[in-house]
Amino acid sequence: MGKRVGAQTVRLTHPPAVLSSAAVGGHMEGKGPLRDCFDELNEDHLWGQKTWEQAESTMQKHALGKALEKATLHEEDINYVLAGDLLNQCIGSTFSLRDTNIPFFGLYGACSTMGESLSLAAMLIDGGFARRAAALTSSHFCTAERQYRMPVPYGSQRTPTAQWTATAAGCCLLGETGEGPFVTHITTGRIVDKGITDPNNMGAAMAPAAYDTLSALFRDTQSSPADYDLIVTGDLGKLGHDIVVDLFARDGVDMTKNYDDCGLLLFDCEAQDMHCGGSGCGCSASVLCGYLLRGMREKRWNRLLFAPTGALLSPTSSFQGESIPGICHAVILSNTKEG
């Protein structure tokens, strides 16, 4: 009970350190403003494989491999890998890891999966159940479109509220000791559903969950937006980002000074015709593991609030007219252990 600081938040007694991180991406990511933050970019959307699903698994393998290489570690040095993706039964993660000997937790939090995997990996280490753990997440534009919306060969027109699913993967290795940054606090989100039914409007579906989780974190930790160098949600895109700003403004809280979104950072929405921005598990994962953690190591930010969001729908639920529940998991990363 000593670790809890509120209804949804825990303060880690022994904050795990980020040992290394790696981000890989595809063609569109290589055309975006964060191109130099990727460890690997591939123009081939199949990544040398026969199917898009196999390509996504390959991206996860490369992200994990590069993170291990940067930390000068081997697979046998990792106690657990916590991984997820957007595919049915998480086959992107399962098939990427089936040739390893690392104990595996398969996770599904939609586009919030990087926050979920990072949270659980950190708690495993803080609780003494692991010395090192990997948080791994991916998405692929073509696999997601085929599963959730229209098969890509249809060439269907995208709505103004649509977002572009990132073809990317990110891996973050955590350890019980290291130079940091450190995971200091975790706020686990609740399911929030405001009745949005349009699968092409993820921002509106997920924004209330982001507002709910961030509000809980501020309340539980007795902090405010001003206490963080940067607050980043994902992947709300332009519409969802604006909704979060508006919801907090109604509470008298100003989110305009240091709040951004992974869906707006990964792509140039205008030049790349991304409509409302980026989305997908790989969006927030690659932005965190490539851009944000690098910025912390370079001391551009010393305290970061990372809060990826997810839309908990399936093709079946959409076809049945169900609404889209949202979720958001928040993690505080700091260059100090904060006591």
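The values are calculated or read from the model by the stated rules, or taken from the named source; none is laboratory data. All figures in this text were calculated on a predicted structure; none of them were measured in a lab. As a convention, Cβ positions derive from the backbone with ideal geometry for all residues, glycine included, and neighbour counts pool all protein chains shown.
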Checked against (1) of a type outside the set (S, T, N, Q); (2) surrounded by fewer than 20 Cβ atoms within 10 Å (Cβ to Cβ); (3) touching a residue at least 24 places away in the same chain (Cβ under 8 Å), Asp36 satisfies every condition except (3)
The listed residue being closer than 30 Å to Gly203 by Cα and over 14 Å from the mean Cα position of the chain (by Cα), out of Gly84, Gly115, Gly106, Gly127: Gly106
Looking at Thr165, Thr197, Thr159, Thr187, which is the one that is assigned by TED's automatic domain parsing to the domain that holds Ile243 and either modelled with pLDDT under 95 or touching an Asp or Glu at 6+ places or on another chain (Cβ under 6 Å) (or both)? Thr197
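So which of Gly170, Gly178, Gly280, Gly189 is closer than 24 Å to Val81 by Cα, in contact with a Pro (Cβ under 9 Å, 6 or more places away or on another chain) and among the small types (Gly, Ala, Ser)?
On the way: Gly170 fails: in contact with a Pro (Cβ under 9 Å, 6 or more places away or on another chain); Gly280 fails: in contact with a Pro (Cβ under 9 Å, 6 or more places away or on another chain); Gly189 fails: in contact with a Pro (Cβ under 9 Å, 6 or more places away or on another chain).
Result of the check over Gly170, Gly178, Gly280, Gly189: Gly178.
Got a sec? Which of Asp254, Asp261 is acidic (Asp, Glu) and within 14 Å of the chain's Cα centre (by Cα)?
Asp261
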List the pairs whose first member sits in segment 291-310 and is closer than 13 Å to Asp260 by Cβ, whose second member is among the β-branched types (Val, Ile, Thr) and part of a strand (DSSP E or B), and whose Cβ atoms are under 6 Å apart, counting only residues at least 6 apart or on separate chains? Leu305/Ile231; Leu305/Ile332; Phe306/Val232; Phe306/Val331; Ala307/Thr233
Return the residues of segment 286-339 that are surrounded by fewer than 19 Cβ atoms within 10 Å (Cβ to Cβ) and outside any loop (DSSP other than H, G, I, E, B); say none if nothing qualifies. Arg294, Gly295, Arg297, Pro315, Thr316, Ser317, Ser318, Phe319
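Kindly provide the set of residues from segment 39-71 that are part of a loop (DSSP other than H, G, I, E, B), without any contact (Cβ under 8 Å) to a residue 40 or more places away in the chain and either within 14 Å of Val24 (Cα to Cα) or not β-branched (Val, Ile, Thr) (or both), ordered by number. Working first, answer last.
First, the residues of segment 39-71 that are part of a loop (DSSP other than H, G, I, E, B): 39, 42-51, 71.
Within this subset, residues satisfying the condition of being without any contact (Cβ under 8 Å) to a residue 40 or more places away in the chain are 42-44, 46-51.
Answer for segment 39-71, where residues must be part of a loop (DSSP other than H, G, I, E, B), without any contact (Cβ under 8 Å) to a residue 40 or more places away in the chain and either within 14 Å of Val24 (Cα to Cα) or not β-branched (Val, Ile, Thr) (or both): Asn42, Glu43, Asp44, Leu46, Trp47, Gly48, Gln49, Lys50.
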Of the residues in segment 190-227, those that are of a type in the set (A, V, I, L, M) and outside any helix (DSSP H, G or I) come to Ile191, Val192, Ile196
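Give the residue, chosen from Gly203, Gly252, Gly237, that is over 23 Å from Leu293 (Cβ atoms), touching a residue at least 12 places away in the same chain (Cβ under 8 Å) and assigned by TED's automatic domain parsing to the domain that holds Ala311. Show your work before the answer.
Details: Gly252 fails: touching a residue at least 12 places away in the same chain (Cβ under 8 Å); Gly237 fails: over 23 Å from Leu293 (Cβ atoms).
Checking each option against the conditions leaves just Gly203.
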Looking at (1) modelled with pLDDT of 95 or more; (2) of a type outside the set (Gly, Ala, Ser); (3) out of contact with any Lys or Arg (no Cβ under 8 Å at 6 or more places or on another chain), find the lone condition where Ile332 falls short. (3)
